[in-house]
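Q: I'd like to ask some things about the structure below.
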Amino acid sequence: VILAHYNLCLSGSSDSPTSASQVAGIIESTGSIIEVLSKIDSEGVSANRTSHATSTATSGFAGAIGQKLPPFSYAYTELEAIMYALGVGASIKDPKDLKFVYEGSSDFSCLPTFGVIIGQKSLMGGGLAEIPGLSINFAKVLHGEQYLELYKPLPRAGKLKCEAVVADVLDKGSGVVIIMDVYSYSEKELICHNQFSLFLVGSGGFGGKRTSDKVKVAVAIPNRPPDAVLTDTTSLNQAALYRLSGDWNPLHIDPNFASLAGFDKPILHGLCTFGFSARRILQQFADNDVSRFKAIKARFAKPVYPGQTLQTEMWKEGNRIHFQTKVQETGDIVISNAYVDLAPTSDTSAKTPSEGGKLQSTLVFEEIGRRLKDVGPEVVKKVNAVFEWHITKGGNIGAKWTIDLKSGSGKVYQGPAKGAADTTIILSDEDFMEVVLGKLDPQKAFFSGRLKARGNIMLSQKLQMILKDYAKL
């Protein structure tokens, strides 16, 4: 899609109304958008196959290579993660999607492709205009390809520091491709890497190299019928919803602007379609386990209109899922030469922390177990219930504990309840310790979503009374 917000940023403020000159630039640059996108789709951005590429030393673009944009931070909460999930089609119609749209889910998670939202801020701020050598008409910038790699699942909320660099500049004849790498960190730990391939219409022909070994390569789909095909009918409000994640380009919301740009009506964000397809692959081949999502690469081929039906066709080859996305009503391929890399199931289980490992709450449950040996029968008589605890760490379940106050003299053991639990309580290790130390009120934690409970919630009042009387923690 056209990154017209660059043009807006250059005028001084991304929030200011679009000027007549900006509109004229958009009209001029979008008259041949389909033709240019077709060229990108056929030529692609391929890897450098020779070590002696044509020098770009005589071009102003050469000075841009290796230039860094000012570092920036991106802070988000569960709200932004949920808004993004809804924007790419997650729905309560599918119970398995609840983990992406309800912060109270015991396994609440960010969709992996939320990572592009974190990285795109470097482009939205107009920072490219400050790079020496990049004399660009930003009204003529197209988003050609996208790569995202996750080194660990995105935290459910957090603040990441991002660093962006111009990795390379390629001369494609009909235009220039700028390769932008954006690295996002939680403190010093690398969380994700985005690579944006931006196509500058009409800026090519300066004698630069056509390929680069720094590019994450798009890969053709297998020559056989797909292993799975899933469809999603987008809402007429899809672009209006998706833009709330931070892409304010009027091309996706303003009918007059879209008409002037040569479209019948506002078009859907390419990264929205990208998110739809990635979500379907995660569902189909990884059972929505975000820890298995490693990387995604896609090439944007044609625009989509809100209300059209997306058809994601998938081919499984080992841990790589090749895919392409079509508009069902027209048969047009809108995302091509794409793939998702998944981690093997054995890899993700190896990375899962051993239950109770390095958790402060482990000491508390062990102490409760010791004290029950003295007062167990009396407690069982008063409570007569089984409580299962899910203790989370970093948004993932780190341990499960069961306090059985229904049978015998009562017992505490690590793991899920051997029968049906009367009440299940979900709480982070940090919040559990805050409750134990009296620094966090359980009722406030519940209503704020930090403590979740299901089953017979009223029984937890009995548990609280017993712990106060006997555990003396």
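The values are calculated or read from the model by the stated rules, or taken from the named source; none is laboratory data. Bear in mind that the values here come from a model prediction, so they are computed numbers and not experimental data. Cβ: placed from backbone, ideal geometry, glycine included. Neighbour counts: every protein chain shown. Protein only, heavy atoms only, side chains kept; ligands, DNA and RNA dropped before computing areas. Shrake-Rupley method; radii C 1.70, N 1.55, O 1.52, S 1.80 Å.
Q: Would you say PRO222 is in a loop (DSSP other than H, G, I, E, B) and either open to solvent by 30 Å² or more (accessible area, probe 1.4 Å) or not assigned by the TED database to the domain that holds SER105 (or both)?
A: no
Q: Of the residues LEU244, LEU190, which is in the same structural domain as ALA157 (by the TED database), open to solvent by 30 Å² or more (accessible area, probe 1.4 Å) and farther than 19 Å from SER122 by Cβ?
A: None of the other options fit; the residue is LEU244.
Q: With respect to the numbered conditions (1) at pLDDT 85 or above; (2) surrounded by 13 or more Cβ atoms within 10 Å (Cβ to Cβ), which one is the sole condition not fulfilled by ASP347?
A: It is condition (1) that ASP347 fails.
Q: Tally the residues that are open to solvent by less than 10 Å² (accessible area, probe 1.4 Å) and touching a residue at least 60 places away in the same chain (Cβ under 8 Å), restricting the search to segment 248-267.
A: Residues in segment 248-267 being open to solvent by less than 10 Å² (accessible area, probe 1.4 Å) and touching a residue at least 60 places away in the same chain (Cβ under 8 Å): 5 in total.
Q: Right, next: I'd like to check something: does segment 291-302 contain any residue that is in contact (Cβ under 8 Å) with a residue 12 or more places away in the chain and in a helix (DSSP H, G or I)?
A: Yes: segment 291-302 contains one or more residues that are in contact (Cβ under 8 Å) with a residue 12 or more places away in the chain and in a helix (DSSP H, G or I).
Q: Can you tell me which residue is farthest from PHE365 (Cα to Cα) among those in segment 401-441 that are out of contact with any strand residue (DSSP E or B) (no Cβ under 6 Å at 6 or more places or on another chain) and hydroxyl-bearing (Ser, Thr, Tyr)?
A: Ranking the qualifying residues of segment 401-441, first place goes to SER407.
Q: Moving on. Any idea which residue in segment 415-460 is farthest from the chain's Cα centre (by Cα), counting only those that are of a type in the set (Ser, Thr, Tyr) and surrounded by 13 or more Cβ atoms within 10 Å (Cβ to Cβ)?
A: Per the criteria, the residue is SER460.
Q: Just one of (1) over 20 Å from the mean Cα position of the chain (by Cα); (2) open to solvent by 10 Å² or more (accessible area, probe 1.4 Å) trips up ASP168, so point out which.
A: (2) is the only condition that ASP168 fails.
Q: Select from segment 87-108 the residues that are open to solvent by 70 Å² or more (accessible area, probe 1.4 Å) and of a type in the set (A, V, I, L, M) and write down the one among them that is farthest from GLU187 (Cα to Cα).
A: ILE92
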